[in-house]
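Right, one structure below, let's go through it.
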Amino acid sequence: MLDNVAHTLVMGVLNVTPDSFSDGGRHAEAGAAVARGLEMAAEGADLVDVGGESTRPGAAPVGAEEELRRVIPVVRELAAAGVLVSIDTRKAEVAAAALGAGAVAVNDISALGDPAMAGVVAGAGAGLVLLHMQGNPATMQDDPRYEDVVAEVARYLADRAAGAEDAGVDPACLCLDPGIGFGKTLEHNLALLRGIPELATLGYPVLVGASRKRFLAGILGPVPPAERDAASAAAHVLAIAGGAAMIRVHSVVVGLQTARVADAIVRAVPAEG
Ligand code: HH2
């Protein structure tokens, strides 16, 4: 999925949901979602990640029918406009429909929790993001525990990547994500951000999504999500310095500046200006 890419990729978050923690309700209607997706592409997003189910801590699960109703028209329209779309879903049925509607990758926060997922992705020759989560969104923040969070997340992701490959997914199409905020305390999140170099040694591109997440308020105090972009940038710069290949952001403008400046320093990518 990320072969031969010299710069850090920027994935824009597009939640077609009423209840996402940062942009919930803003693009719940298809027209508004498509407009925001086109705007993110125009701002320079490499991928637009369309999701129809909030996975914020405590979120209620959404049925496949409702998820399909939310995301498919948006995926279809963005793909038709030439936007590279990933579908953020745990359901193989939704992934299959989104790939059929023109999505190029699946962002699966359950890392193949649906046994049919790998086959769907392999059959479509699509990209696949595998994310580490302890528990499930309803309860994951209740009492997350690890002996060694970086080693355990690395082992889990390596195991899921092997499972995907066994099911026929092209290793070049895989990307791993430590799952910032998915069953992790503040200390766990910080350890994982420090541990990106260890995750990068697994041999797959690493995606990091720290954008506007609650752990940032754990450091800063009660800053509302929409005012956490500078804090998100700080976390993402360090992730890129540690070897992350892609960041997932709500503000593409901020994410792009973050990636370009970090790339110029870390990867010596020539400046455009
Ligand atoms: N974070 C969220 C959702 N999907 N996917 C990946 N690969 N990495 C992440 O860190 C990640 C993700 C949660 O953020 P958001 O989509 O903004 O909120 P919500 O789950 O409330 O819709």
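The figures follow:
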read-out	value
Any hit, segment 12-21, residues being part of a loop (DSSP other than H, G, I, E, B), within 30 Å of GLY242 (Cα to Cα) and touching a residue at least 40 places away in the same chain (Cβ under 8 Å)	yes
Residues of segment 64-99 satisfying the condition of being within 16 Å of the ligand (Cβ to nearest atom) and either part of a loop (DSSP other than H, G, I, E, B) or on the phi > 0 side of the Ramachandran plot (or both)	LEU84, THR89, ARG90, LYS91
Number of the condition not met by ASN15 [criteria: (1) farther than 19 Å from ALA226 by Cβ; (2) near the ligand (Cβ under 9 Å from one of its atoms)]	(1)
Number of the condition not met by LEU9 [criteria: (1) exposed (fewer than 15 other Cβ atoms within 10 Å of the Cβ); (2) touching a residue at least 60 places away in the same chain (Cβ under 8 Å)]	(1)
Residue, farthest from VAL83 (Cα to Cα), within segment 11-40, restricted to residues that are of a type in the set (Asp, Glu) and under 18 Å from the mean Cα position of the chain (by Cα)	ASP19
Cβ pairs under 6 Å, 6+ apart, first in segment 163-186 and over 17 Å from GLY113 (Cβ atoms) and away from the ligand (no atom under 16 Å from the Cβ), second of a type in the set (A, V, I, L, M, F, W, C) and in a helix (DSSP H, G or I)	GLY168/ALA122
Those residues of segment 120-153 which are buried (at least 16 other Cβ atoms within 10 Å of the Cβ) and more than 17 Å from the chain's Cα centre (by Cα), in sequence order	VAL120, ALA122, ALA124, MET140, GLN141, PRO144, TYR146, VAL149, VAL150
Boolean, ALA191 is aliphatic (A, V, I, L, M), under 22 Å from GLU43 (Cα atoms) and out of contact with any Lys or Arg (no Cβ under 6 Å at 6 or more places or on another chain)	no
Conditions (1) surrounded by fewer than 23 Cβ atoms within 10 Å (Cβ to Cβ); (2) closer than 22 Å to SER20 by Cβ; (3) touching a residue at least 12 places away in the same chain (Cβ under 8 Å): number failed by LEU190	(2)
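Residues are listed down the side, and each one gets a yes or a no for (1) surrounded by fewer than 23 Cβ atoms within 10 Å (Cβ to Cβ); (2) within 19 Å of the chain's Cα centre (by Cα); (3) modelled with pLDDT under 95:
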{"position": "VAL169", "(1), (2), (3)": "no, yes, no"}
{"position": "PHE215", "(1), (2), (3)": "yes, yes, no"}
{"position": "SER232", "(1), (2), (3)": "no, yes, no"}
{"position": "VAL269", "(1), (2), (3)": "yes, no, yes"}
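The values are calculated or read from the model by the stated rules, or taken from the named source; none is laboratory data. None of these values were measured; they are calculated from a predicted model. Reconstructed Cβ throughout: ideal geometry from the backbone, glycine too, with neighbour counts over all protein chains shown.
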